[in-house]
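K.L.:
Quick one: structure below, then a few questions.
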Amino acid sequence: MRGLMMDAPLLISSLIRFAAQNHATTEIVSRSVEGPIHRYTYADAYGRICRLARALGRLGVTEGDRVATLAWNGYRHFELYFGVSGIGAVCHTINPRLFHDQIEYVVNHAEDKYVFLDLTFVPLLEKLAPVLKPVKGYVIMTDAGHMPETTLPGALCYETLLEAEVDTFEWPEFDENTASSLCYTSGTTGHPKGALYSHRSTLLHTFSICSADSLGLNCEDAMLPAVPMFHVNAWGIPYCCAMVGAKLVLPGPNYEGEAIYELLDGEQVTKTAGVPTIWLMLLDYMKKNGKKLPHLDSTVIGGSAVPRSMIEAFQDDFGVQVFHAWGMTEMSPVGTTGRLKGHMRNLPKEKRQDIQLKQGRGIYGVEMKIVDDDGAELPRDGKAFGELMVRGPWVASEYYKDDEGTKASFTGDGWFGTGDVSTLDEDGFMQIVDRSKDVIKSGGEWISSIDLENTAVGHPDIAEAAVIGVPHPKWDERPILVVVPVEGKEPAPDDIVAFLKDKVANWWLPDDVVFVDEIPHTATGKISKMQLRERLKDYKLPDQ
Ligand code: AMP
């Protein structure tokens, strides 16, 4: 027997329509690429999104067409999220930090029909335009007064396009499984791979991460996503803000500590989210300048593991609750969030922090299990570790036009292999031990490079640390610690090893400490172990 409820499709256009009707006067504040702070309301945004939908139609964009963006977190990018997907086209957000040949690859692979770009990226696309064959035109996201002289073929001005339209639109209804947006992951090997989200997966993910155990977002909040809108849709936060009518604060191109602080403070932001690197810059700025953030309740931190020193600084020094989260581009991205359970409330601080260091609990909608090399499920005891497998309605079922045989990550029985090695405990908390490619095997046992790195950055003279395994004749591999010292400091290797001594197992202690000026990062800000290994390929252990 079928239920007798309306079969209303879950569509992205419904989010912004809802926000405009019910939170018309709530603000969206952006640091613009041109410079000044821009502010308007959900009602204003909605009118302009309607104009954009019409303009796209006039440009010949139809259902299923891919429209790319190369843009910072700003109100025009926000409009594209809703306007492009709303008409049934696919919003392909390009990460400008990809290498040039990767940008060429993703535009051609996605067959983008138009590219919308911020002023910042005009020179980059002028260089690449000759090889971006499928692109029919470029729209520069600025007004007529700021339009640059450009060699981009048929460059159009965003504001001029919108001015020519009216601010109402009849949003089309279509199957909720229609593709809505496309994000490429910059894996460590091979070409970037595309995760193609649908309206349904996006809406379900949005419902879930707005909820109290995740972002816990509501209409009283002001939210600043310090994670770029070109990386997994800023973790889905623009959709969340529209769903609950929260004020949205978009930091534009500037992620420096001072710039983010100014917005967090000035706009009375209550919740924020970002990767550890961004928060290091903010904490450093606040400490040096004696600043506080009385309005900020919490920050969700993910993308890389959160070091203990960061949890302590936010919570103890600044009264900001930290929630550790984990996810992947292939998961829209959120898979876990780290709100502690009721029975953990009265644990000693140290023990609570131990749990906060874990990557969080699986949220409803994401099923997780860990498996050994043969695919057999391992116990959820917080000790056994193996590859983390996931499945659920906002997890990719395959990559977009996958021509590289990467289907290996998708097991025939409906699970996705994350490539992360982790434990799961009785409370459902997951802890990443390593990326499967980065874990160090020493004497038949595993050493977690992530654990060592995070312990090392607790040293006051270490700005950033990375651990890689190097070949060893007896132990197979041994860890070395690669360190960027804090400016002006010269910590001694022995002093660093002594600092680690009571914090990690003895046989985990690095065999050497190597000082460098800079550690290489991937396009999404993670430490690039592949590049680091390449740079240190001639390195020899001191006793070899
Ligand atoms: P991306 O698809 O670029 O978002 O990268 C996803 C990968 O980032 C995951 O598979 C993890 O290896 C890593 N990652 C994400 N969140 C965390 C976290 N909280 N701790 C450690 N690694 C993380």
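The values are calculated or read from the model by the stated rules, or taken from the named source; none is laboratory data. Bear in mind that the values here come from a model prediction, so they are computed numbers and not experimental data. Note that we place each Cβ from the backbone using ideal geometry, even for glycine, and neighbour counts take in every protein chain shown. These accessible areas exclude ligands, DNA and RNA; they are computed on the full protein's heavy atoms, side chains included. Shrake-Rupley method; radii C 1.70, N 1.55, O 1.52, S 1.80 Å.
K.L.:
In the range 289-318, what residues are modelled with pLDDT under 95 and away from the ligand (no atom under 16 Å from the Cβ)?
P.N.:
none
K.L.:
Also, quick follow-up: Which condition breaks for Gly386 when tested against (1) more than 10 Å from the ligand (Cβ to nearest atom); (2) open to solvent by 20 Å² or more (accessible area, probe 1.4 Å)?
P.N.:
Here Gly386 clears every test but (2).
K.L.:
Are any of the residues in the range 296-309 within 23 Å of Phe429 (Cα to Cα) and part of a helix (DSSP H, G or I)?
P.N.:
Looking through the range 296-309, at least one residue is within 23 Å of Phe429 (Cα to Cα) and part of a helix (DSSP H, G or I).
K.L.:
Here's something else I'd like to know. From Gly35, Gly57, Gly64, Gly83, grab the single residue that is under 18 Å from Ala234 (Cβ atoms) and not hydrophobic (A, V, I, L, M, F, W, C).
P.N.:
That would be Gly83, the only listed residue that is under 18 Å from Ala234 (Cβ atoms) and not hydrophobic (A, V, I, L, M, F, W, C).
K.L.:
Does Thr62 meet the test of being more than 25 Å from the chain's Cα centre (by Cα) and modelled with pLDDT of 95 or more? Break it down into steps so the answer makes sense when it comes.
P.N.:
Details: more than 25 Å from the chain's Cα centre (by Cα): yes; modelled with pLDDT of 95 or more: yes.
Yes; evaluated as a whole, the condition is true for this residue.
K.L.:
Would you confirm whether any residue within the range 330-347 is part of a helix (DSSP H, G or I), within 16 Å of the ligand (Cβ to nearest atom) and under 20 Å from the mean Cα position of the chain (by Cα)?
P.N.:
yes
K.L.:
Thr206 - would you say it is touching a Cys at 6+ places or on another chain (Cβ under 8 Å), modelled with pLDDT of 95 or more and surrounded by fewer than 18 Cβ atoms within 10 Å (Cβ to Cβ)?
P.N.:
No, not satisfied.
K.L.:
Looking at the range 119-132, is at least one residue over 14 Å from Gly154 (Cα atoms) and touching a Leu at 6+ places or on another chain (Cβ under 8 Å)?
P.N.:
yes
K.L.:
Return the pairs, sorted by first residue and then second, in which the second residue is within 11 Å of the ligand (Cβ to nearest atom), the first residue lies in the range 220-243 and is small (Gly, Ala, Ser), the beta carbons are less than 6 Å apart, and the residues are 6+ apart or on different chains.
P.N.:
Ala234/Val227
K.L.:
Among the numbered conditions (1) within 11 Å of the ligand (Cβ to nearest atom); (2) farther than 30 Å from Tyr400 by Cβ; (3) in a helix (DSSP H, G or I), tell me where Phe323 comes up short.
P.N.:
In the conditions (1) within 11 Å of the ligand (Cβ to nearest atom); (2) farther than 30 Å from Tyr400 by Cβ; (3) in a helix (DSSP H, G or I), Phe323 misses (3) alone.
K.L.:
Could you check the range 515-532 and list, in sequence order, the residues that are outside any loop (DSSP other than H, G, I, E, B) and surrounded by 15 or more Cβ atoms within 10 Å (Cβ to Cβ)?
P.N.:
From the range 515-532, those outside any loop (DSSP other than H, G, I, E, B) are 515, 521, 527, 529-532; that's our starting set.
Scanning the range 515-532 gives His521, Ile527, Lys529, Met530, Leu532.
K.L.:
If you don't mind, there's one more thing I want to ask. Check every one of the strands (runs of 3 or more DSSP E) wholly within the range 166-282 and list those with 3 or more residues that are within 16 Å of the ligand (Cβ to nearest atom).
P.N.:
Fully inside the range 166-282 and qualifying: 179-185, 193-198, 271-274.
K.L.:
If you take the residues in the range 57-79 that are part of a helix (DSSP H, G or I) and without any contact (Cβ under 8 Å) to a residue 40 or more places away in the chain, which one is least open to solvent (accessible area, probe 1.4 Å)?
P.N.:
So the residue we want is Glu79.
K.L.:
Can you find, within the range 348-365, the residue that is farthest from the ligand (Cβ to nearest atom) among those that are part of a loop (DSSP other than H, G, I, E, B) and over 19 Å from Phe385 (Cα atoms)?
P.N.:
For the range 348-365, the residue satisfying everything is Pro348.
K.L.:
Moving on to the next point. Find the strands (runs of 3 or more DSSP E) located wholly in the range 392-450 whose residues include 2 or more that are modelled with pLDDT of 90 or more, within 16 Å of the ligand (Cβ to nearest atom) and of a type outside the set (D, E, K, R), and list them.
P.N.:
So the answer is 416-424, 429-435.
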